[in-house]
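The structure appears right after this line, and notes come after that.
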């Protein structure tokens, strides 16, 4: 066991560490002050003292909120662990009340999952009059570890996570097939025949903008899609679908979601494409925290029976 430097601790107001943790989680002095039940001026004063204590800016104000410096990211896990230990010792971590808590759950996922799940989560929180909030972030099944390296990140939701390790835990939420999506009157039949499908021009959504697994699958079956454009996110692909005679082959849950809000048509893919599973993934160090146990149950209930 490492020795405790009593002199260093006696010189430090431990509430400063709590302010640091809230700033790291909220990325906003205003929201941090609400969580801490103090004025915004008190948070600014605490941040000034933290900067003196650590000899670093720690947080830099930007148009998208207060962004942590490299030094802040280095010390954040240690501060979070220390506060967790103290909280457990004092018994303050014994319960979590989503009705009274203003905890912001940071959830990372791709934008198709975000479009599918975010409305359901927000609607349930509103319906049940809960105090908790959400902050949604972008990731995917290849970059999920990068998201969870952020100490403020609570969960990742993605298709089967690549390079999984024992530092993390996961749970299957639902499975999905694939569907074709295109605008009405684009000249294709419903459902698309194999001939119509490969005669059409296609848009592809792949996180790196390159060839996707569907292209490999079709090539093995002796077919090649005519891909007019590749996108790393769904927004550009959707506006292109609305204005051009092209086809997108995307997860069925996303196709149904987009069809509900846009003048688009979906139909089955005329060639067999394997279904896939969506997972909820988290850092195992957070597994037994009451708020994490609650959010995992909450998301499991919301996604039950979805596809």
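The values are calculated or read from the model by the stated rules, or taken from the named source; none is laboratory data. Computed from a predicted model, the values in this text were never measured in an experiment. Using ideal geometry, Cβ is built from the backbone for each residue, glycine included, and neighbour counts are taken over all protein chains shown.
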Residue 228 fails exactly one of (1) in a helix (DSSP H, G or I); (2) closer than 24 Å to residue 195 by Cβ; (3) touching a residue at least 12 places away in the same chain (Cβ under 8 Å), namely (1)
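Residue by residue, here is whether (1) free of Cβ contacts under 8 Å to residues at least 40 places away in the same chain; (2) within 22 Å of the chain's Cα centre (by Cα) holds:
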| residue | (1), (2) |
| --- | --- |
| 136 | yes, yes |
| 149 | yes, yes |
| 155 | no, yes |
| 166 | no, yes |
| 203 | no, no |
| 215 | yes, no |
| 236 | yes, yes |
| 240 | yes, no |
Would you call residue 138 in the same structural domain as residue 32 (by TED's automatic domain parsing) and closer than 30 Å to residue 231 by Cβ?
no
Would you say residue 257 is assigned by TED's automatic domain parsing to the domain that holds residue 184, modelled with pLDDT of 90 or more and in contact with a strand residue (DSSP E or B) (Cβ under 8 Å, 6 or more places away or on another chain)?
no
Counting only strands (runs of 3 or more DSSP E) wholly inside the stretch 246-290, the ones holding at least 3 residues that are closer than 30 Å to residue 77 by Cα are 276-283
Residues of the stretch 269-297 being more than 22 Å from residue 80 (Cβ to Cβ) and surrounded by 14 or more Cβ atoms within 10 Å (Cβ to Cβ), which ones?
269, 270, 271, 273, 276, 278, 279
Any strands (runs of 3 or more DSSP E) falling wholly within the stretch 106-219 and containing at least 2 residues that are buried (at least 17 other Cβ atoms within 10 Å of the Cβ) and out of contact with any helix residue (DSSP H, G or I) (no Cβ under 7 Å at 6 or more places or on another chain)
201-205
